[in-house]
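Beneath this line is the structure, given in structure tokens, with notes to follow.
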Amino acid sequence: MDITHLTPDAEGSIEWPSFSNDKKAVVTLGAFDGMHLGHQAVIKRVVELAHQHDAFSVVILFDPRPAFVHGWAASHHGEEPAVQNVDAEALTSVDDRLHRMEQFGVDHVLVVHYTLAFAAMSYIFFLGRLTGKLGMRTLVLGQDAAMGKGREGDVKHIANLAAATGVFELDVVDDRGPGEVRIPRDFKPEAPSEWGEPVDPLANATKAERRAWSSTNVRYLLAHGRIQDANAILGAPHAIEGEVVHGEERGRTIGFPTANLGSDIAGYIPVDGVYAGWLVDGENRWPAAISIGTKPTFSEKTGLNERVVEAYCITEEWIDLYDHKVRVEFVGFLRPQVKFDGPDQLVDELKRNVEETKRLTA
């Protein structure tokens with residue numbers, strides 16, 4: 001898979017590459033944060049149509065996420081986020097998204113640095129550039145896609161443009177899944193108060209009423225500890241990545257040494273609590289009980305309080321992971337963060353957490 005990084009100029013224009021004068025392209029675009037089942041449906045359709053028409057499969061990937069750029073500008077007097085500002089709401093890193101796209105067989109990914117000037121371009125001009133430069137014969141979009149200044153380029157307008165010009169086709173994919181859910185606009189993470197996987201408040205609703213494929217829905221579920229519902233939308237365990245650093249080593253003193261992730265964590269950190277999951281280091285995978293907590297320290301990078309992620313590997317062997325970049329995958333919520341009366345009570349609870357982790361990862 002060929003990866004090209006593109007940066008718009010001050011007016012928002014991009015020097016798009018030309019792949020071939022003789023071969024057309026099937027194109028889609030978006031942030032694809034989380035690479036959930038809806039994203040997968042769109043990208044698989046791109047690859048399928050490209051094979052059918054002997055064309056290139058092309059994904060235009062926006063980085064940072066448009067929602068992050070516009071949200072930052074709204075709260076910072078119109079300024080765009082700097083490189084050092086971290087999008088703590090991103091479900092997955094760009095590298096993780098690129099890896100998944102390569103697995104699906106995409107030919108070209110154009111990683112576009114998303115800016116406000118680029119966002120202000122007319123969708124008609126934008127699509128004209130894609131047909132003229134990339135040789136776009138088919139544009140594949142999800143049902144709710146919109147692009148260009150003021151998001152005027154929705155599916156209806158793009159379909160009318162395709163029909164009027166005849167230079168490209170629009171292929172619309174069902175990327176929302178079975179049903180729709182209503183997510184509070186400004187929801188806040190809320191840690192469950194009970195032990196075990198949180199109850200779905202819509203558990204008695206039909207399947208079509210209680211699940212929808214969207215990054216916002218996944219973020220909402222993770223912010224409420226509902227790991228299994230989030231994973232069902234993602235089609236894989238939600239994961240974060242970071243480097244193992246030296247911690248306070250209190251776990252070692254009670255027989256539960258943990259791998260502590262540093263402050264630079266890629267991926268959306270679920271709400272505070274203890275989880276069952278996996279710790280992955282290269283080809284090695286260990287079941288792990290994962291603890292997440294929040295420090296009172298404020299992070300200038302994210303604009304949020306710093307988070308602590310510790311993973312206890314369930315293994316008989318001693319493993320040294322310091323300075324290793326590891327992946328932490330979540331499979332279920334075990335319990336909230338609570339204060340125990342003493343070390344004996346804590347150890348007993350940790351032993352229960354280990355047994356439940358073994359069950360969930362079996």
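The values are calculated or read from the model by the stated rules, or taken from the named source; none is laboratory data. Nothing here was measured: the structure is a model prediction, and the numbers come from that model. In this analysis, Cβ positions are derived from the backbone assuming ideal geometry, glycine residues included, and neighbour counts consider all displayed protein chains. Quick note on the areas: whole protein, heavy atoms, side chains included, nothing else; ligands and nucleic acids left out. Shrake-Rupley method; radii C 1.70, N 1.55, O 1.52, S 1.80 Å.
Here the calculated FRET efficiency for K44 and H246, from their Cβ-Cβ distance with R0 = 45 Å, stands at 0.55, rounded to the nearest 0.05.
I need the trypsin sites (Lys or Arg not before Pro) found in the range 145-184, filtered to DSSP loop residues with at most 13 other beta carbons within 10 Å of theirs. Walk me through the intermediate numbers first.
On the way: sites: K149, R151, K156, R176, R182; in loops: R176, R182.
Taking the range 145-184 and a limit of 13 other Cβ atoms within 10 Å, the loop trypsin sites (Lys or Arg not before Pro) found are R182.
Straightening the chain between K156 and D95 buys 18.7 nm, computed as 0.36 nm per residue apart minus the Cα-Cα spacing.
Out of the chymotrypsin sites (Phe, Trp or Tyr not before Pro) in the range 301-362, which ones are loop residues according to DSSP with at most 15 other C-beta atoms within 10 Å?
Values: sites: Y312, W318, Y322, F330, F333, F340; in loops: W318, Y322, F340.
In loop regions of the range 301-362 (DSSP not H, G, I, E or B), the sparsely surrounded chymotrypsin sites (Phe, Trp or Tyr not before Pro) are W318, Y322, F340.
Taking a ≥ b ≥ c as the square roots of the eigenvalues of the Cα gyration tensor of the range 235-362, is the shape rounded (a/c under 1.5), prolate (a/b larger than b/c) or oblate? Rounded. Since only N160, V199, G267 are under comparison, the one whose Cα sits farthest along the positive direction of the charge dipole of the chain, derived from C-beta charges on Lys, Arg, Asp and Glu, is N160.
For Q345 and V199, the FRET efficiency from 1/(1 + (r/R0)^6), where r spans their Cβ atoms and R0 equals 25 Å, is about 0.45. Normalised Debye scattering of the range 43-84 at q = 0.14, 0.24, 0.25 Å⁻¹ gives log10 I(q)/I(0) of -0.52, -0.75, -0.79, counting only Cα atoms as equal scatterers and leaving out solvent.
Where the alpha-carbon atoms of the range 103-247 are placed on the principal axes, they occupy 58, 46, 31 Å, in descending order. Checking the cross-link pairs K133/K301; K133/K156; K188/K325; K149/K301 against a 26 Å limit on the alpha carbon distance flags K133/K301; K188/K325; K149/K301 as lying beyond it.
In the elastic network of the chain, a GNM with C-alpha springs shorter than 10 Å, the most mobile of E11, E48, E169 is E11. Each residue of the range 79-84 is assigned a 3J(HN,Hα), and the resulting list reads 7, 8, x, 7, 4, 6 Hz, derived from the Karplus form 6.51 cos²θ - 1.76 cosθ + 1.60 (θ = phi - 60°), x at Gly and Pro. Fully extending the segment from T294 to A163, taken as 0.36 nm per residue of separation minus the present Cα-Cα distance, adds 41.9 nm. If you bin all the Cα-Cα distances of the range 1-58 at 10 Å, starting from zero, the percentages per bin are 19, 43, 33, 5. Counting only protein heavy atoms and a probe of 1.4 Å, the accessible surface of the chain is 49% carbon and sulfur. Remind me, relative contact order of the chain in percent, using alpha carbon pairs under 8 angstrom and six or more residues apart? Here the relative contact order equals 16 percent. Remark: the range 79-183 carries 49 Å² of accessible area per residue (probe radius 1.4 Å; ligands, DNA and RNA excluded).
Considering only G148, G30, G303, the Gaussian network model of the chain with Cα springs below 10 Å gives its largest mean-square fluctuation to G303.
Relative contact order of the range 256-308: 30 percent, from C-alpha pairs under 8 Å at least 6 residues apart in sequence.
Placing dummy labels 7 Å off each Cα toward the beta-carbon, the span from T315 to S122 is 5.9 nm. Taking each residue as 0.36 nm, the span from D186 to M1 lengthens on full extension beyond its C-alpha to C-alpha distance by 62.8 nm.
Compute the Kirkwood hydrodynamic radius of the chain, taking the inverse of the mean of 1/r over all pairs of distinct Cα atoms, and give it in Å to one decimal. One decimal place: 22.1 Å for the Kirkwood radius.
Placing pseudo-labels 7 Å out from each Cα toward the beta carbon at D144 and V172 gives an inter-label distance of 1.5 nm.
Whole-Hz Karplus values for the range 127-143 come out as 5, x, 5, 5, 6, x, 8, 7, x, 5, 9, 9, 10, 9, 9, x, 5 Hz, taken residue by residue from phi with 6.51 cos²θ - 1.76 cosθ + 1.60 and θ = phi - 60°; glycine and proline positions read x.
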